[in-house]
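Throughout, read-outs are computed from the coordinates displayed, never taken from laboratory work. What you see is a predicted model, and the numbers here were worked out from it, not measured in a lab. Glycine also receives a Cβ, built like all others from the backbone with ideal geometry; neighbour counts cover every protein chain displayed.
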There are 2 protein chains.
Amino acid sequence: MALIEECEALTKAFSGIGVDEKSIISIAGKWNPVQTDSFRKGCEFFADDGHYHAFEKWDNDYVKLLELEFSRLREAVLLWTMHPWERDARMIKESLIKGPKWYGVIIEIACTRSSEELLGARKAYHSLFDRSIEEDVAHRVTDVNRNLLVALVSSYRYQGPKVHAETAKAEAKILANAIKSSGNELEKNAEVLRILTTRSKASLQAIFKHYKELYGKNIEEDLNQDDLILRDTIGSLGYPHIYFSKVLDKALNVKADEYTKDALTRVVVTRADIDMKGINEEYQKLYGISLSQKIEEITRGSYKEFLLTLVARGN
Amino acid sequence: MALIEECEALTKAFSGIGVDEKSIISIAGKWNPVQTDSFRKGCEFFADDGHYHAFEKWDNDYVKLLELEFSRLREAVLLWTMHPWERDARMIKESLIKGPKWYGVIIEIACTRSSEELLGARKAYHSLFDRSIEEDVAHRVTDVNRNLLVALVSSYRYQGPKVHAETAKAEAKILANAIKSSGNELEKNAEVLRILTTRSKASLQAIFKHYKELYGKNIEEDLNQDDLILRDTIGSLGYPHIYFSKVLDKALNVKADEYTKDALTRVVVTRADIDMKGINEEYQKLYGISLSQKIEEITRGSYKEFLLTLVARGN
């Protein structure tokens, strides 16, 4: 291979999510110092201002890039071998530390786990951090979402199939009225909070179904498009397979930000033994490509192999 | 494979230096949660007190172990693609931050690089950290070794082959007298400092040769066995191939501490294009096994492949 081709191959090995260990070893391991230097200089686009900074910016960016992409397999294996309760507890803690952008992880865990699983995470949180999840959420979340988040992580929803049809219909109307009257401040509406945080998932799915029958639109379409917290809550409670498919698709994009990309490991690891089959089917329906094919395309190396193994468990 | 065999195989995948990504993916990726749990419980020996701590100590130890072993390939690739000057500058900085136990790295760099290479590292240090190596060393090192270390990193030794035989013989005697009279405080002896930090390597090798002829022993044998700083200085200046072979052999031991193990990546990466052939030969002579065979035995996965590729460059 000519140097230019090798540079391209190595750039590719570093370009996806994860790293292609084999190519790195076979190419970089055989270069002489001049070749290594050429590769490093060819990477100058990593610097924000587009210039090569031999001993400054460039190298710090490069180091950060390497650390992040090399760490994906480790993070995945670590999460995978952890007990699911501990895993959820640790992910909630980490999201609270990282700040508002990451609160979607708390919603995902609170809304897609079974009642027993969420309770397990709450127990694990006690043991790990000597406090409760709701205590930390109430303390850390200082904006309009506090009440919603505290109530979501505190819920222990009835899980049976029984749904009271009349109540569901009535509550679909309550939601519709609240959306009309509250607009951007829907999170402050006590009735909306009550319904989303205490009703069983079967009831909520019935409520959202009635909503569509009554008003001709999915409830999400009537929500403020910027209200990610409320959209994630309704999506993950009402249509988890669609919700997870959308999260995965956004994550499978090299240019996505780290919060978005991080979901790839999280969703694959946490759903592998739960509902990966359903997510797979929904993903294929929504995007016309199988989840495995998309992972094959975007991710690299051992990280890719691990994700594919976990996704295949669901079939 | 039965569960017990799989547990053993996975324990092996995690047991060396580096991790065997392939085994981890093929075994852990296929386990059910009960099997994963069994493996985790089987790892209780990671806790200091020998007990299983589901949500406490054990997991933190496990996380640390994973982070360390998974990071070896990344560290190796990172060091390998760095410019050698920058690499040395960064390693010196890191050693100063980590503290006295790590000062051996500073000695190794100061004593085994060519005069131009050491000067390059000093230039890179200016650019990276806005100060000089000697400034940081003088500021951080507060014990008896300060003068020795400052002088070693400041040296720009003559590199030609010319050696003044009479002077060498006289200075061998000066060293012998100093060892006799100074004992444990040899670092404070101005003549010892002058000789070790300013004489060319060719001269020092002649001095050590005369020492052996005059006194029947290698100079290291007459030093205090606990004086690692002085032993490393003399070893790396006088017999670099033996010095590196010994450092590598100590590093190729799963039970070694992190300072000792860390040398494996450092020495292989920094010597691959310099004197790996000589180190290889010396290693075979000292330990009756080739360096590659020993690496094959002790290290794991992609990290192993990368080290073997770099070692093979020297042949």
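Using a Förster radius of 22 Å, what is the FRET efficiency between A:SER15 and B:LYS22 based on their Cβ-Cβ separation? Nearest 0.05, please. Computed FRET efficiency for A:SER15 and B:LYS22: 0.45.
What do you get for trypsin sites (Lys or Arg not before Pro) in the range A:71-180 restricted to DSSP loop and a cutoff of at most 13 other Cβ within 10 Å of the site's Cβ? Hits after loop and neighbour filter: A:ARG131, A:LYS162.
Tell me, in nm to one decimal, what length is gained between B:LYS169 and B:SER290 on full extension, where the rule is 0.36 nm per residue of separation less the Cα-Cα distance?
Taking 0.36 nm per residue and subtracting the Cα distance, the gain is 39.9 nm.
Working note: Cα gyration tensor of the range B:85-156, eigenvalues times five, square-rooted, sorted largest first, giving semi-axes of 17, 13, 11 Å. Once C-alpha pairs closer than 8 Å and six or more residues apart are averaged by separation and normalised to the residue number of the range B:145-297, the relative contact order reads 18 percent.
Under Stokes-Einstein, with the Kirkwood radius over Cα pairs standing in for Rh, what whole-number D in µm²/s applies to chain A at 10 °C and 1.306 mPa s? The Stokes-Einstein estimate is 73 µm²/s. Note on chain A: with a GNM built from Cα contacts shorter than 10 Å, the maximum mean-square fluctuation among A:ASP273, A:ASP143, A:ASP249 falls on A:ASP143.
Estimated from helices alone, the mean residue ellipticity of chain B at 222 nm is -22000 deg cm²/dmol (sum of -39500 (n - 2.57) over DSSP H runs with n ≥ 4, per residue).
Counting charges near B:CYS111 (Lys, Arg +1; Asp, Glu -1) among other residues having Cβ under 13 Å from its Cβ returns a value of +1. Within the listed set A:GLN225, A:GLN159, A:GLN205, the residue fluctuating most in the Gaussian network model of chain A (springs between alpha-carbon atoms under 10 angstrom) is A:GLN225. Looking at this model, which pairs from B:LYS180/B:LYS209; A:LYS261/B:LYS12; A:LYS169/A:LYS217 are more than 24 angstrom apart at the alpha-carbon? Checking Cα-Cα distances, A:LYS261/B:LYS12 exceed 24 Å.
Stokes-Einstein diffusion for the range B:122-248, with the hydrodynamic radius set to the Kirkwood value over Cα pairs and evaluated at 20 °C in a medium of 1.002 mPa s, equals 138 µm²/s.
Rounded to the nearest 0.05, what FRET efficiency do A:ASN218 and B:VAL144 give with R0 = 51 Å and r taken as the Cβ-Cβ distance? Could you check?
0.10
Rounded, prolate or oblate: which one fits the range A:163-238, using the alpha carbon gyration tensor with axes a ≥ b ≥ c (rounded when a/c is under 1.5, else prolate when a/b beats b/c, else oblate)? Because its axes are fairly even, with a/c under 1.5, the range A:163-238 counts as rounded.
All other residues with a Cβ under 14 Å from the Cβ of B:PHE208 taken together, and with Lys, Arg as +1 and Asp, Glu as -1, what is their net charge?
Neighbourhood net charge equals +3.
Based on the alpha-carbon gyration tensor of the range A:137-206 and its eigenvalue square roots a ≥ b ≥ c, which shape applies: rounded if a/c is under 1.5, prolate if not and a/b is larger than b/c, or oblate? Oblate.
Between A:GLU134 and B:ASN32, the modelled labels are 3.4 nm apart [label points 7 Å from Cα along Cα→Cβ]. Using the Cβ of A:LEU310 as centre and a radius below 12 Å, the other residues enclosed give a net charge of +3, where K and R count +1 and D and E count -1. Each listed q (0.05, 0.11, 0.12, 0.13 Å⁻¹) maps to a log10 I(q)/I(0) for the protein assembly as shown, found by the Debye formula over equal Cα scatterers with no solvent: -0.32, -1.12, -1.25, -1.37. The calculated FRET efficiency for the pair B:HIS126 and B:ARG313, based on their C-beta separation and a Förster distance of 25 Å, comes to about 0.25. Taking a straight line from the alpha carbon of B:LYS101, these aspartates and glutamates sit under 14 Å away, with near neighbours fewer than eight places off in the same chain left out: B:ASP143, B:ASP226, B:ASP227, B:ASP232, B:ASP257, B:GLU258, B:ASP262. Each copy carries B:ASP275; placing its label point 7 Å along the C-beta direction from Cα gives inter-copy distances of 6.4 nm, listed from smallest up. With distances taken between every two different alpha-carbon atoms, the range B:241-313 has a Kirkwood hydrodynamic radius of 11.9 Å. For the range B:102-116, what does the Karplus curve 6.51 cos²θ - 1.76 cosθ + 1.60, with θ = phi - 60°, yield as ³J(HN,Hα) per residue in whole Hz, taken in order and with x for Gly and Pro? My calculation for the range B:102-116 gives 8, 5, x, 5, 5, 4, 4, 5, 5, 9, 10, 7, 5, 4, 5 Hz in order. In percent, rounded to a whole number, the relative contact order of chain A is 19, using alpha-carbon pairs under 8 Å and six or more apart.
Here the Gaussian network model covers chain A, with springs between Cα atoms less than 10 Å apart; of A:SER95, A:SER127, A:SER200, A:SER127 fluctuates the most.
Please report the base-10 log of the normalised intensity I(q)/I(0) for the range A:166-208, using a Debye sum with one equal scatterer per alpha carbon and no solvent, at each q in 0.23, 0.30, 0.32 (1/Å). Cα-only, vacuum Debye calculation for the range A:166-208: -0.72, -1.09, -1.16.
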